[in-house]
Structure formats: C-alpha cells, structure tokens
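Coordinate-derived values only; no laboratory data. Quantities reported herein were computed from a predicted structural model and do not represent experimental measurements. Methodologically, a virtual Cβ is constructed for each residue, glycine included, from the backbone with ideal geometry; neighbour enumeration extends over all protein chains shown.
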Amino acid sequence: MRRVGILGGGQLGSMLAEALYHLDAQVTLYDADPNAPAALRYRDTVVAPWNDAAAIARFFERCDVVTYEFEHIDAAPLRALQGGPPIAPSVRVLEITQDRAMEKQFLAESGLPHVHFAVVRSEAELRAAAGAFGWPFILKTIRGGYDGKGQFYVAGHEDLDAAILALRERRSDFACVLEEIVDLALEASCIVARSGEQELVFPLFENAHSGHILDLTVVPARVPPEVARVVQEVALRTARAIELEGLLTVEFFVGRTRARRSHGAEAGGLIVYVNELAPRPHNSGHVTRNACTISQYDALARVLAGVPLTPPRMNGPGAWCMANLLGDVWLAQGRDQLDLSCWRDHPLVVDVVLYGKREARARRKMGHFVTHADTADAAIDAARAFREALSRRTM
Ligand SMILES: Nc1ncnc2c1ncn2[C@@H]1O[C@H](COP(=O)(O)OP(=O)(O)O)[C@@H](O)[C@H]1O
Ligand SMILES: [Mg+2]
C-alpha cells in the first residue's frame with residue numbers, strides 16, 4: 001500500500017485524500033491548524049507548526065511520496081529532506097511557482113506565451129522602472145500573493161505613490177513585478193498531470209472572478225475550438241518544460257487584441273498568454289469532479305499511487321458551472337450550519353460540497369456547488385439563482 005503524505009489539510013488536500021482512499025493508498029496530512037478541514041475529518045492528520053522541522057521530518061518518515069496543496073510553503077526545509085521520499089511536484093517546481101519573478105523568467109526562457117514584465121527589488125528600482133515600463137501597468141508582489149492580494153493597478157505617478165505607501169506599510173521589501181495590462185476576452189485554466197512518460201490534459205475551463213476571488217468556472221469554455229487546442233497544447237508544453245511529476249494548473253489570459261510588448265500565441269482571432277502556475281489541484285478544477293470522467297484529484301492520486309493515467313473526457317453533453325460559496329453566504333443566513341432546504345427548487349444543482357470550516361468569515365472559501373444544464377448560459381444562470389436563494393436569511 002502506497003503511503004502518501006499531503007502538506008496542507010484544507011479543502012484541496014481533503015478532496016485529494018478522498019481520491020487517494022479510493023485507490024487504497026494510506027494518507028497522512030499535515031497542517032498547523034487544528035481546525036483545518038482535514039484535521040477535523042481525518043484521523044491521520046499531523047497538527048504541528050509549519051516551521052517545526054523535526055515534525056516535518058517525522059511526517060516524511062511515514063510517507064513513500066509527499067505532495068502539497070498550496071505553494072506558499074517554505075521550500076528550504078523540504079530541500080533539506082531530499083534523499084528521503086520524493087516530493088511531487090518537485091521542490092524546484094515549488095520554488096519557481098511561489099516566486100512570481102522566477103515563474104515569469106521560466107516562461108520567458110521556455111519560449112512560452114507570457115505577458116511582458118519587469119522585475120524590481122527596491123523602491124528606487126521600482127520608481128526608475130515605472131517610467132521606462134510605460135503606464136498603465138499592474139504591480140504584483142513577487143511572494144505571497146493570491147486572490148489578488150499584493151496587487152496594484154498603476155495608471156500614473158499618483159497610483160504609484162499610493163502603491164509604494166501600501167507596500168511600505170505591509171512589508172519591508174519591494175520585490176515586485178510590473179506587468180503589461182491585457183485586454184481580457186476571458187480568463188481560463190487548464191490542468192495537466194504527468195507521471196514519468198505518461199501525461200493527460202483536462203478540457204479548458206473558463207473562469208470569472210469577483211473581487212479578485214474565483215467566482216464561477218464553466219466547462220466547456222465558450223471559446224473557438226482552436227483556442228481550446230492551443231491552450232491545452234501550451235499547458236502540456238509548460239508541464240514538460242518544468243519537468244512536472246504530479247499535477248499543474250496553468251492559468252491563462254485570453255486577450256482580444258495583442259498587448260503591445262507581450263508574447264502571446266494567436267488562436268481563433270484571440271491571443272493566449274500563460275498568466276501563472278499552481279503546482280497542485282486548483283479551485284477551478286473542483287468542476288472536474290462532476291463534469292469529467294476523472295477529477296483533478298483522481299489524476300493526482302493516480303500519479304502519487306503509481307496508477308496509470310487515462311485521458312479525462314466530459315461526462316456527456318451540456319455544460320457545468322462551479323460556483324464558490326464564500327463565508328458571506330453563511331453570514332447572510334445568520335447560521336453556523338448552512339440551510340440547504342432551497343435546493344429542492346433548484347434541480348440543475350447536481351452537487352454541493354461543504355468543506356467543514358468552523359468559522360464563517362466574509363470572503364473565506366467555505367464550499368462550492370456545481371450545476372449542469374444544456375448550455376453554459378443556463379448553467380451559469382442556475383448557479384447564480386441557487387446562490388441567491390442560499391443567501392436569503394432563513395431564520
Ligand atoms: N496583466 C494583467 N492584465 C489584465 N488583468 C490582470 C493582469 N494581471 C492580473 N490581472 C487580473 O487580476 C487577477 C489576479 O491576478 P493573478 O496574477 O492571477 O494573481 P493571483 O495570485 O491573485 O491569482 C487575474 O485573474 C486578472 O483578473
Ligand atoms: Mg491567479
């Protein structure tokens with residue numbers, strides 16, 4: 001029986017554990033939070049701080065292979081454990097994907113389509129680069145950003161001063177990338193798995209964000225078939241270039257017009273760029289649990305358990321829409337336990353997944369659901385209607 005370790009016991013780690021149990025793997029999870037979803041649900045969860053090198057070393061001793069469910073994890077202690085069980089994706093992949101500058105440089109060096117960027121390391125460099133780069137641009141901190149955190153739209157000197165003030169308040173260093181702005185037709189993600197010489201690629205998902213947090217994912221994406229083909233091909237090329245063993249989510253921008261200095265791939269009259277990489281299951285990939293013959297979790301579980309990969313197919317005609325449920329819905333209901341009684345009036349909702357987080361906070365990802373309908377528009381409408389119904393006060 002393969003012993004698999006998962007660093008991180010949030011919803012992604014928990015759903016991966018579930019897929020691993022189906023392959024009869026033995027799973028151990030690790031999280032610092034005693035209230036992490038996995039810690040509350042799975043007996044074999046080690047609860048210890050992230051900086052406890054001895055606890056991490058003991059955790060590794062219990063595993064034949066280790067993976068992680070988030071990339072903001074300190075790579076140095078993992079490097080030190082090399083020689084022990086393999087880490088998949090590798091520590092090198094982790095280091096590249098947790099550092100926006102390294103990630104962009106990797107894309108550029110690998111000849112993959114990407115948005116024009118510049119890297120700065122200090123306030124002086126930032127001020128000097130801003131004028132030369134050309135307004136407007138998006139400024140992103142190199143480390144620790146997610147869900148739009150650490151990002152600033154900079155149209156001119158005033159915005160730049162405001163961003164610098166915010167950076168000064170929040171952190172000591174000014175390591176950032178400047179990025180040219182893309183005239184977005186849509187955003188998409190594409191998930192790839194690799195295991196030795198075997199590889200698979202999921203259909204392309206279309207993603208809509210709200211307040212910088214993923215709101216809806218629709219599959220199949222509403223793009224010309226050439227766009228889907230190019231995106232899948234670029235996702236596979238990215239995985240090969242980074243020598244992936246495991247799962248990689250490639251986030252894409254699909255632009256209407258060619259950004260002036262960026263290196264896009266043209267497809268179906270649109271321009272495709274890789275935005276960023278996540279070396280793990282992805283929020284958008286929840287939709288695969290319903291829409292595809294194998295889920296993103298099944299795909300990674302197979303790599304980790306040494307089971308062959310087979311190509312994912314759609315589970316039939318029509319479209320699926322995944323919608324996140326943030327803590328705001330719980331707050332709107334005014335209850336700890338979500339009241340799902342309105343589901344009886346929403347037959348297009350095929351699945352609801354609640355992560356078991358104890359405390360509902362605004363903007364916190366607490367669960368998701370999936371709808372299935374004849375068309376993407378109908379699936380999206382059904383998702384919006386269900387979320388509105390859930391958000392009505394029930395007591
Ligand atoms: N260069 C850009 N041009 C247009 N929109 C952008 C650009 N960079 C970021 N965005 C918008 O901000 C969102 C978050 O940026 P992203 O780089 O994906 O960071 P995060 O790590 O927060 O997901 C993107 O999904 C997109 O909507
Ligand atoms: Mg992103």
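Brief remarks follow.
- Only Lys, Arg, Asp and Glu carry charge here, each on its Cβ (+1 for the first two, -1 for the last two); on that basis the chain has a dipole of about 420 debye about its Cα centre.
- Whether the chain is rounded, prolate or oblate, judged on the alpha carbon gyration tensor where a/c under 1.5 counts as rounded: rounded
- The overall shape of the range 116-180, judged from the alpha-carbon gyration tensor, is rounded, with an a/c ratio under 1.5.
- Unit charges at the beta carbon, dipole of the range 3-87: most positive-side option, ALA57, GLN11, HIS22: ALA57
- Toward the positive end of the charge dipole of the chain, with +1 on the Cβ of Lys and Arg and -1 on the Cβ of Asp and Glu, the farthest Cα among MET322, TYR68, GLN333 is that of GLN333.
- For the range 3-87: rounded, prolate or oblate by the Cα gyration tensor [a/c cutoff 1.5]: oblate
- A simple rule links phi to the HN-Hα coupling: the Karplus curve 6.51 cos²θ - 1.76 cosθ + 1.60 with θ = phi - 60°, which for the range 363-369 gives 6, 7, 6, 10, x, 7, 9 Hz, with x for Gly and Pro.
- Distance from the alpha carbon centroid of the range 8-72 to that of the range 250-293 works out to 29 angstrom.
- Contact order, relative form, for the chain: 15 percent (alpha carbon pairs under 8 Å, 6 or more residues apart, mean separation divided by residue count).
- Residues HIS209, HIS282, arranged from fewest to most other Cβ atoms within 10 angstrom of their Cβ, appear as HIS209, HIS282.
- Relative contact order computed over the range 211-299 (Cα-Cα under 8 Å; 6+ residues apart), in percent: 30
- Couplings 3J(HN,Hα) for the range 177-186, derived from phi with the Karplus relation 6.51 cos²θ - 1.76 cosθ + 1.60 (θ = phi - 60°), are 10, 9, 10, 5, 8, 9, 7, 6, 7, 6 Hz, where x marks Gly and Pro.
- Least to most buried among GLU245, GLU123 (fewest other Cβ within 10 Å first): GLU123, GLU245
- Ranking of LYS365, LYS149, LYS104, LYS357 by count of other Cβ atoms within 10 Å, fewest first: LYS149, LYS365, LYS357, LYS104
- Charging the Cβ of each Asp and Glu at -1 and of each Lys and Arg at +1, and nothing else, the dipole of the range 3-87 about its Cα centre rounds to 160 debye.
- Taking all Cα pairs closer than 8 Å and separated by 6 or more residues, the relative contact order of the range 270-395 comes to 27 percent.
- Antiparallel content of DSSP bridges confined to the chain, in %, to 5: 80
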